[in-house]
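The values are calculated or read from the model by the stated rules, or taken from the named source; none is laboratory data. None of the values given here were measured: they were computed from a predicted structure. Note that each Cβ is placed from the backbone with ideal geometry, even for glycine, and that neighbours are counted across all protein chains shown.
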Amino acid sequence: MVINQTWSERRVPAEIAGKSRPAHDLLLGFTRQVENMHCIYLLRLNNNTVYTRSSDDLKRRIKEHNRGKVSSTRNKLPADLIYYESYADKRDAVNRELYLKTGDGRREIRKQLKYSLQKNIIDM
(Lines give C-alpha, C1' and ligand atoms only; values in the text may rest on other atoms or scores of the structure.)
Protein backbone atom coordinates (compact mmCIF):
# COMPACT_ATOMS: atom_id res chain seq x y z
CA MET A 1 0.00 0.00 0.00
CA VAL A 2 1.38 3.38 -1.00
CA ILE A 3 0.83 5.97 1.70
CA ASN A 4 2.57 9.06 0.32
CA GLN A 5 0.30 9.79 -2.63
CA THR A 6 -0.82 13.23 -3.67
CA TRP A 7 -4.53 13.91 -4.06
CA SER A 8 -4.37 13.57 -7.84
CA GLU A 9 -2.49 10.25 -7.62
CA ARG A 10 -5.09 8.46 -5.52
CA ARG A 11 -7.14 5.99 -7.48
CA VAL A 12 -10.38 4.18 -6.79
CA PRO A 13 -10.24 0.40 -7.40
CA ALA A 14 -11.49 -0.52 -10.88
CA GLU A 15 -14.15 -2.85 -9.48
CA ILE A 16 -15.69 0.09 -7.59
CA ALA A 17 -15.46 2.84 -10.18
CA GLY A 18 -15.84 0.76 -13.33
CA LYS A 19 -12.38 1.89 -14.34
CA SER A 20 -9.52 3.49 -12.49
CA ARG A 21 -9.73 7.30 -12.40
CA PRO A 22 -7.98 9.94 -10.31
CA ALA A 23 -9.91 10.73 -7.12
CA HIS A 24 -10.26 14.40 -8.02
CA ASP A 25 -12.12 13.38 -11.20
CA LEU A 26 -14.55 11.42 -9.06
CA LEU A 27 -14.92 14.38 -6.71
CA LEU A 28 -15.78 16.66 -9.64
CA GLY A 29 -18.49 14.22 -10.70
CA PHE A 30 -19.78 14.10 -7.14
CA THR A 31 -19.90 17.91 -7.00
CA ARG A 32 -22.03 17.97 -10.15
CA GLN A 33 -24.39 15.43 -8.57
CA VAL A 34 -24.68 17.47 -5.37
CA GLU A 35 -25.61 20.56 -7.38
CA ASN A 36 -28.68 18.69 -8.64
CA MET A 37 -29.76 17.59 -5.15
CA HIS A 38 -32.89 18.78 -3.38
CA CYS A 39 -32.49 19.57 0.30
CA ILE A 40 -34.69 19.96 3.32
CA TYR A 41 -33.19 22.20 5.94
CA LEU A 42 -33.85 23.44 9.45
CA LEU A 43 -32.92 26.93 10.57
CA ARG A 44 -32.68 28.14 14.15
CA LEU A 45 -34.26 31.61 14.30
CA ASN A 46 -33.59 34.31 16.87
CA ASN A 47 -37.09 33.97 18.39
CA ASN A 48 -36.14 30.45 19.54
CA THR A 49 -38.07 28.57 16.85
CA VAL A 50 -37.07 26.18 14.07
CA TYR A 51 -37.96 26.90 10.44
CA THR A 52 -38.26 23.88 8.12
CA ARG A 53 -38.23 24.15 4.34
CA SER A 54 -36.90 22.52 1.15
CA SER A 55 -34.79 23.97 -1.65
CA ASP A 56 -32.87 22.90 -4.74
CA ASP A 57 -30.00 25.30 -3.91
CA LEU A 58 -29.24 25.30 -0.20
CA LYS A 59 -26.37 27.82 -0.25
CA ARG A 60 -28.40 30.38 -2.18
CA ARG A 61 -31.44 29.88 0.03
CA ILE A 62 -29.48 30.35 3.28
CA LYS A 63 -28.00 33.58 1.88
CA GLU A 64 -31.49 34.79 0.97
CA HIS A 65 -32.70 34.10 4.51
CA ASN A 66 -29.81 35.97 6.11
CA ARG A 67 -30.14 38.93 3.73
CA GLY A 68 -33.78 39.34 4.74
CA LYS A 69 -35.19 38.36 1.35
CA VAL A 70 -37.53 35.68 2.78
CA SER A 71 -40.60 37.28 4.33
CA SER A 72 -41.29 34.47 6.83
CA THR A 73 -37.85 34.77 8.46
CA ARG A 74 -37.04 38.45 7.78
CA ASN A 75 -37.92 39.64 11.30
CA LYS A 76 -36.29 36.67 13.04
CA LEU A 77 -32.68 36.95 11.88
CA PRO A 78 -30.03 35.69 12.12
CA ALA A 79 -31.02 32.27 10.82
CA ASP A 80 -28.54 29.52 11.64
CA LEU A 81 -28.53 26.25 9.69
CA ILE A 82 -28.78 23.44 12.24
CA TYR A 83 -29.66 20.47 10.00
CA TYR A 84 -30.15 19.42 6.39
CA GLU A 85 -30.80 16.31 4.30
CA SER A 86 -30.25 15.89 0.56
CA TYR A 87 -32.36 13.93 -1.91
CA ALA A 88 -31.91 13.14 -5.60
CA ASP A 89 -35.63 13.58 -6.31
CA LYS A 90 -37.57 16.72 -5.40
CA ARG A 91 -40.66 14.70 -4.44
CA ASP A 92 -38.69 12.85 -1.75
CA ALA A 93 -37.46 16.15 -0.30
CA VAL A 94 -40.96 17.67 -0.28
CA ASN A 95 -42.44 14.55 1.34
CA ARG A 96 -39.73 14.61 4.02
CA GLU A 97 -40.35 18.34 4.62
CA LEU A 98 -44.07 17.71 5.06
CA TYR A 99 -43.35 14.84 7.46
CA LEU A 100 -40.94 16.92 9.56
CA LYS A 101 -43.68 19.53 9.97
CA THR A 102 -45.98 16.96 11.63
CA GLY A 103 -45.93 16.15 15.34
CA ASP A 104 -44.19 12.81 14.68
CA GLY A 105 -41.60 14.52 12.48
CA ARG A 106 -40.86 17.19 15.08
CA ARG A 107 -40.46 14.49 17.75
CA GLU A 108 -38.06 12.57 15.47
CA ILE A 109 -35.91 15.66 14.90
CA ARG A 110 -35.92 16.51 18.63
CA LYS A 111 -34.72 12.99 19.37
CA GLN A 112 -32.13 12.98 16.57
CA LEU A 113 -30.75 16.43 17.41
CA LYS A 114 -31.13 16.10 21.17
CA TYR A 115 -27.80 17.62 22.12
CA SER A 116 -27.72 20.27 19.39
CA LEU A 117 -31.13 21.54 20.44
CA GLN A 118 -30.28 21.49 24.16
CA LYS A 119 -27.69 24.24 23.67
CA ASN A 120 -30.60 26.66 23.39
CA ILE A 121 -34.11 25.51 24.25
CA ILE A 122 -36.00 25.62 20.96
CA ASP A 123 -39.72 25.61 20.26
CA MET A 124 -40.58 23.25 17.42
ask   = Would you pick out the residues in segment 62-78 that are of a type outside the set (S, T, N, Q), under 17 Å from the mean Cα position of the chain (by Cα) and under 26 Å from Gln118 (Cβ atoms)?
value = Ile62, His65
query = Can you find a residue in segment 101-124 that is of a type outside the set (Val, Ile, Thr), outside any loop (DSSP other than H, G, I, E, B), surrounded by 11 or more Cβ atoms within 10 Å (Cβ to Cβ) and touching a Ser or Thr at 6+ places or on another chain (Cβ under 7 Å)?
reply = no
ask   = For segment 71-100, which residues satisfy the criterion of being assigned to a helix (DSSP H, G or I) and small (Gly, Ala, Ser)?
value = Ala93
query = So how many residues does segment 34-55 have that are under 25 Å from Gly103 (Cα atoms) and either in a loop (DSSP other than H, G, I, E, B) or of a type outside the set (Val, Ile, Thr) (or both)?
reply = 14
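Do we have any residue at all in segment 92-99 that's on the phi < 0 side of the Ramachandran plot, out of contact with any Lys or Arg (no Cβ under 7 Å at 6 or more places or on another chain), of a type in the set (Phe, Trp, Tyr) and at pLDDT below 95? So that I can check it myself, show each step before the final result.
So in segment 92-99, the residues on the phi < 0 side of the Ramachandran plot come out as 92-99.
Now restrict to residues that are out of contact with any Lys or Arg (no Cβ under 7 Å at 6 or more places or on another chain): 92-96, 98-99.
Next, from what is left, pick out any that are of a type in the set (Phe, Trp, Tyr): 99.
Applying the additional criterion that residues be at pLDDT below 95 yields none.
No, segment 92-99 contains no residue that is on the phi < 0 side of the Ramachandran plot, out of contact with any Lys or Arg (no Cβ under 7 Å at 6 or more places or on another chain), of a type in the set (Phe, Trp, Tyr) and at pLDDT below 95.
Name the one entry in Gly29, Gly68 that is of a type in the set (Gly, Ala, Ser), at pLDDT 50 or above, surrounded by fewer than 15 Cβ atoms within 10 Å (Cβ to Cβ) and in a helix (DSSP H, G or I).
Working: Gly68 fails: in a helix (DSSP H, G or I).
Unique residue meeting the criteria: Gly29.
Scanning segment 71-100 for residues that are among the basic types (Lys, Arg) and in contact with a Gly (Cβ under 9 Å, 6 or more places away or on another chain), which turns out surrounded by the most Cβ atoms within 10 Å (Cβ to Cβ)?
Initial filter on segment 71-100 (among the basic types (Lys, Arg)): 74, 76, 90-91, 96.
Pick out the ones that are also in contact with a Gly (Cβ under 9 Å, 6 or more places away or on another chain) and you get 74, 96.
On the way: Arg74: 12, Arg96: 18.
Top of the filtered list is Arg96.
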